[in-house]
Structure formats: C-alpha cells, structure tokens
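Comments concern the structure below.
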Amino acid sequence: MSLWVFVARRLLFSALVLLMVSMVVFVVVQVLPGDVASMILGTDATPEDVATMREKLGLNRPAHVRYLEWIAGAVQGDWGTSLRLNQPVAPLIMTRMGNSAVLAGLTLLVAVPLAIGLGVYAGLRRGRLPDRIIALVTLIGTSLPEFVWGNLLIIVFAFWFKWLPPSSLMDPGDPVFAQFKLLILPVATLTMVMLAYTSRMTRTSMIEVLEKNFIRTARLKGIGERQVILRHALPNALLPTITIVAMNIGWLMGSLVVVETVFSFPGLGRMMVFAVSNRDVPMLQMTVLVTAAIYCLANLLADVLYAYMNPRVRY
C-alpha cells in the first residue's frame, strides 16, 4: 500500500471520528442544565421574550434538523455566531487557536529535545546516580498536575524572585511573541508535566535497544561508541517516543484548558471554558470539534513518521 493511499484511508477514518464527535458534542450540549435563551436574556426576561428568543435561535425546531444544519454550515465554513459575544465564531477560534499553537509549539520545542536527551542519558547511565536523579525528577513531574505546577511556578518566579509576571493576560488580538515573557511560565508548566512521560519512555526504549544483537554486532565491528549510539541505537529507540509525542499533542490540547485558565492566557482552552460557562453553544461545539481534528491530525502524522523511520512497518 502506498503512502498516499494510507493517508487517504486515515483521513476518511478521521472524518468518521469527527462525525461521531460532533454527534456526541451536540447531544451533550442539548442535555446541559439551563435554557440558552433564558441565560442570554437574563432573569428578568418574560416568558414571551424567552419564547421569541428560542424561535430566533431555532431552538423550537427538531434536534436532528438543527444538527444537520450545523454540520452542513461547519463543512462550508459557516461556524455560526457567538451567542455571548455576537461575533462570528470562525475568526474568534482561529485567533485563539493561533495563540494556543504558539504555546503548544514552544512547549514541544523545549520539552521534546530535553526529554529525549534526558531519556538517552539515563538509559546510558542505567542504575547510576544520574539515572536515579532523572527518575526522581520525572516521577515528581508525573505526580503533580498542571495547576499545581502552574501555581508553584507563579509563587517562586513571580512573587518570590519577581522575575516574571504572574499572569499571561493580554489582548487576544495582540501578537503573542510581542510579549514573550508572558509565555515563559505557561511553557515551563507544560514542559514539566510532558517531560516525565517522554523521557521515561525514551529511557526504557534506549535500554531495550542497547541489549539487541545488532548493537553488539556494531560494537564488535569496531564502530565508535558515539556512532553506535547516534546512528544505530537512537533511531530505533525513538520509534515508541514518536507515538508518545503524538499522544502528548492530544494531551497538550486538554492541558491547555487548565494552564490557560491558571495564567489567564487567551487561547483555545480558555475560550472553551468561556463557552461552557456562558452556554455559548456555537462556540462550544466548534471549539471541541477543532480540538478533535487537531488530535486526529497529530496521530496521523505520528503514524506516517513511525512508518518512515521503521522500514519493517508497512503502510
């Protein structure tokens, strides 16, 4: 099977997954407590006003009709209008998604090389003091959730040393890189949690690869230890790590909700919290759908890279 056929099949499967996600999201939104029209108008609204608003929003129509209209509009690029902000949802999500992409990209740029380096070093020093120190640090990173790391870093670097601002609050439309200092603490928080899983997986894979026969053969041929590690051991040890990194991208999208809330960062995760709190149905539905699409694409990229780096894997 060629690469393009494999990608086409995975894209069709991803489309099916997104269709199922859209159904689940639509059903969950319908059963949420409270009435959307009443929340928009407030507690002083009369029953006549609520009925008029429900008719305006189309809430008096059958659920399957509203679902089909929503999906058809989403496919055509019409993502609806925010009920709370009275603005088109698409540009709002795109702006916030760009901010979250910068935050997630910087986290991956810092966490992945650092985790791989620590994992490889720990695998090469198996059972020694550096290996135990790295294991202890990564275990602590795994044990503490994102909001604990976020608040801990705020206390240390914002209130004790006063080096960094405690909040990443900014205008959602401002360029993110224009205020780079506001990104340091959120990136550090995400890195501390992500570092643990990736480095521990890399360490385990490195230890397993170093015990393989082809590594012994390479050493017996007189190949230098550095080349044995870089050219033979590392490429094979990174195969499981690729899958972990792809899974971490999906985890990262969920963790952004917590981290962006802690630091008041104007990203996609905080927008999701806003949509849930205000029963902004169009914004909530499309935010979840976009997040699911990112997760599917991340897994597709991981499968392609895995097959490219491992010739034994066939598309």
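Odds and ends about this structure:
- Residue 265 being crowded, with 20+ Cβ neighbours inside 10 Å and of a type in the set (A, V, I, L, M, F, W, C): yes
- Residue 149 being at pLDDT 85 or above, surrounded by fewer than 17 Cβ atoms within 10 Å (Cβ to Cβ) and among the aromatic types (Phe, Trp, Tyr): no
- Failed criterion for residue 108 (all others in (1) surrounded by fewer than 17 Cβ atoms within 10 Å (Cβ to Cβ); (2) under 30 Å from residue 237 (Cβ atoms); (3) touching a helix residue (DSSP H, G or I) at 6+ places or on another chain (Cβ under 8 Å) hold): (1)
- Screening 113, 88 for residues that are modelled with pLDDT of 85 or more and in contact with a Gly (Cβ under 9 Å, 6 or more places away or on another chain) leaves exactly one candidate, 88.
- Some residue of the range 298-312 being part of a loop (DSSP other than H, G, I, E, B), at pLDDT below 80 and either touching a helix residue (DSSP H, G or I) at 6+ places or on another chain (Cβ under 8 Å) or under 30 Å from residue 28 (Cα atoms) (or both): yes
- Residue list for the range 161-172, restricted to those being surrounded by 10 or more Cβ atoms within 10 Å (Cβ to Cβ) and at pLDDT below 75: 170, 172
- If the condition is being under 10 Å from residue 185 (Cα atoms) and out of contact with any Pro (no Cβ under 8 Å at 6 or more places or on another chain), then the range 153-165 contributes 153, 157, 164, 165.
- Within the range 213-233, being over 18 Å from residue 121 (Cα atoms) and surrounded by 11 or more Cβ atoms within 10 Å (Cβ to Cβ) holds for 214, 216, 217, 218, 219, 223.
- Identity of the residue in the range 277-286, in contact with a Gly (Cβ under 9 Å, 6 or more places away or on another chain) and assigned to a helix (DSSP H, G or I), that ends up surrounded by the most Cβ atoms within 10 Å (Cβ to Cβ): 283
- Taken over the range 239-260, residues that are modelled with pLDDT of 80 or more and either among the aliphatic types (A, V, I, L, M) or outside the structural domain of residue 144 (by TED's automatic domain parsing) (or both) amount to 3.
The values are calculated or read from the model by the stated rules, or taken from the named source; none is laboratory data. Because the structure is predicted, anything quoted here is derived from the model rather than measured. Ideal geometry is used to build each Cβ from the backbone, glycine not excepted, and the neighbour counts take in all protein chains shown.
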